[in-house]
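Colleague: Starting off with a structure, shown below.
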Amino acid sequence: MSKLTLQYEGIALKDYAVGAGVTIGRLPDNAVIIDNPAVSGHHARVFEEGHRVILEDLRSTNGTFVNGRPVTRHVLQHRDEVLIGKHQLVFDQNAAATQPAADAPMQGLGDTVYLDTKQHRALRATLETARADAAKPVTTRAAVSSVPRRVGVLRVIAGSAEQDEYSLDGNTSIIGRSNTALVRLRGWFKPAVAVAIAKHGSGYVATAMGGKPLVNQSPLEGRHALQEGDMLTVSGLVLEFAWKEGVRAESAA
Amino acid sequence: MRLRAGARTDTGRVRPQNEDAYMTRAEQGLFVVCDGMGGAPAGEVASEMAIQAIARELQNHENGDALEASPFLPHTQRLVDAVRQSNEFIYGEAQKDPRQAGMGTTIVSAWIREQIAGVAHVGDSRAYLWHNDRLEPLTRDHSLMEAHIEAGLADEGHSLPVEQQNVLVRVLGREPAVDVDVTEVPVRSGDYVLLCSDGLTRMVAESELALAIRTYQDPQQICDHLIATANKNGGADNITVVVVEVTGGWWNRLLNGVGGHLRRTLSREAASSSTLNDPRPH
């Protein structure tokens, strides 16, 4: 029993049993309907001939391709990729005859299924063993709650601020007038958020949000990965970025 | 900073009903998309419940404190707390009513305050940021597919059997507690935040999402175009898109108004001429 799997952009949409034969095209009387202007009304057909499966182009406007080559008639091999318009049909020679999908085509993408935590853990375990290198953390959550070995700080070099040094503990640290800001700027005309500093991997990325902040005397543009010794100038305040070693107690713990 | 939002949901061309739901509150900066579990009992109820629970949680105490100390900004943490509470709520309702047992929903939510977007999600509904002419994913699906990709066992979209492509490993409402993925990203004038259900991302390539934003620029027009594209490509599932445009103050809009109009006109012409290169219709 052989089948064709319809794909778009590499994503499988539907399985079709080849059976005695199927036609492929844009019109509703085809077994495989691809509703796309690049596909002809009756574009191609696939049928069994002896124990071989044949693909035949039905003189379509835009042609039928197998593994990148235009064909008019082609004996399908296992895993051949047929391109029609922008859709792909992957040929599977050995689809199990017991599969219900072989007789009844699947409804659209099929229904969404949910694995509960127990099933998911079992799956994770098998995936873990299959993983080539287990060094990578599994979820972002784990990365967030782990205690960083070193933390970035902003040291106040010039200008008036509430503290001499600000530790960049949060996921996002703000310099600005906002009351959620780590480094508070005072004054009506200061921007609510002048600079946002976000944790990114093991480093920090600064983005200018308002006013005209400078980094090392040049305008801060786009995203800037902070380096030891970088000087941020924000509304008359000069801040130096530095790394601080040592284990920090987790405040949430 | 000002936010302009567009949104649209569509049943698609295969499913009998729409189990997606969304909420846009541009004034508050709050945006949510939920995808009720397809075919599962009361999928449309679960997605609607999630939206209402979030709305309720975040409406009454606009400036309330986060429940726990957190590395995230207060509004981000409150969004995460609201998502967790909506999970408990849906789970509780499902236990009460046997007709609703087993209902579940995905959620992707963004709360944008003072130019920082807090994004919380569970499941395979996604968030993207359009920044500097590039589309960046803000979420990773909680799906079997993604788990395989992470483990290095599969390339995107390729080697997983069809029947395993719809398997989610995390949803709201199915278990008493849920892990919520969180991220924060600064947004600036000219950026867009896009939230969508998998009915869009399975039918429309990321490059086409980017092209739609670049071409149409107006949030509602982007949504309308993307829904039409998803349906043209098969519409195999319910489709929901929310697009949020971050704009400057009124003086910025005044300054950019003329230039922006010109850019739009030019890029539309570029887009319509590029479609001429597509394969000839029959």
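The values are calculated or read from the model by the stated rules, or taken from the named source; none is laboratory data. Since the model is a prediction, treat every value here as computed from it, not as a measurement. Neighbour counts are summed over all protein chains in view; Cβ atoms, including those assigned to glycine, are modelled from backbone coordinates with ideal geometry.
Colleague: With (1) more than 27 Å from B:R2 (Cβ to Cβ); (2) modelled with pLDDT of 95 or more; (3) of a type in the set (D, E, K, R) as the list, and B:R202 as the residue in question, which single condition is left unmet?
Modeller: Unmet condition: (2).
Each row is one residue, and each column tells you yes or no for (1) over 23 Å from B:L226 (Cβ atoms); (2) surrounded by fewer than 17 Cβ atoms within 10 Å (Cβ to Cβ); (3) modelled with pLDDT under 95; (4) within 14 Å of another protein chain (Cβ to nearest Cβ).
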{"site": "B:Y22", "(1), (2), (3), (4)": "no, no, no, no"}
{"site": "B:V33", "(1), (2), (3), (4)": "no, no, no, no"}
{"site": "B:A42", "(1), (2), (3), (4)": "yes, no, yes, yes"}
{"site": "B:Q59", "(1), (2), (3), (4)": "yes, yes, yes, no"}
{"site": "B:L67", "(1), (2), (3), (4)": "yes, yes, yes, yes"}
{"site": "B:P74", "(1), (2), (3), (4)": "yes, yes, yes, yes"}
{"site": "B:D97", "(1), (2), (3), (4)": "yes, yes, yes, no"}
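Colleague: How many residues are within 20 Å of B:I54 (Cα to Cα) and touching a residue at least 40 places away in the same chain (Cβ under 8 Å) when one looks only at segment B:89-101?
Modeller: Final tally of qualifying residues: 6.
Colleague: Out of segment A:1-28, which residues are in contact with a strand residue (DSSP E or B) (Cβ under 6 Å, 6 or more places away or on another chain) and of a type in the set (A, V, I, L, M)?
Modeller: Passing the criteria: A:L4, A:L6, A:A12, A:L13, A:A17, A:V18, A:V22, A:I24.
Colleague: Only one residue in A:V205, A:V193 is within 22 Å of B:Q115 (Cα to Cα), assigned to a loop (DSSP other than H, G, I, E, B) and of a type in the set (A, V, I, L, M, F, W, C), so which one is that?
Modeller: A:V193
Colleague: Another question, then. Considering each residue of segment A:38-56, count those that are away from chain B (no Cβ under 13 Å) and either at pLDDT 85 or above or assigned to a strand (DSSP E or B) (or both), and give that number.
Modeller: 10
Colleague: Could you check segment A:1-37 and list, in sequence order, the residues that are more than 18 Å from A:N94 (Cα to Cα), small (G, A, S) and more than 8 Å from every other protein chain (Cβ to nearest Cβ)?
Modeller: Residues satisfying the conditions are A:G25, A:A31.
Colleague: Can you report the number of residues in segment A:57-73 which are surrounded by 12 or more Cβ atoms within 10 Å (Cβ to Cβ), away from chain B (no Cβ under 14 Å) and either part of a loop (DSSP other than H, G, I, E, B) or at positive phi (or both)?
Modeller: 2
Colleague: Being of a type in the set (A, V, I, L, M), in a loop (DSSP other than H, G, I, E, B) and modelled with pLDDT under 85 is the requirement here; does A:A101 meet it?
Modeller: Numbers: of a type in the set (A, V, I, L, M): yes; in a loop (DSSP other than H, G, I, E, B): no; modelled with pLDDT under 85: yes.
Spelling it out, it is not the case that A:A101 is of a type in the set (A, V, I, L, M), in a loop (DSSP other than H, G, I, E, B) and modelled with pLDDT under 85.
Colleague: Then there's this: Suppose we filter segment B:175-228 for residues that are hydroxyl-bearing (S, T, Y) and within 11 Å of chain A (Cβ to nearest Cβ); how many remain?
Modeller: The qualifying residues number 5.
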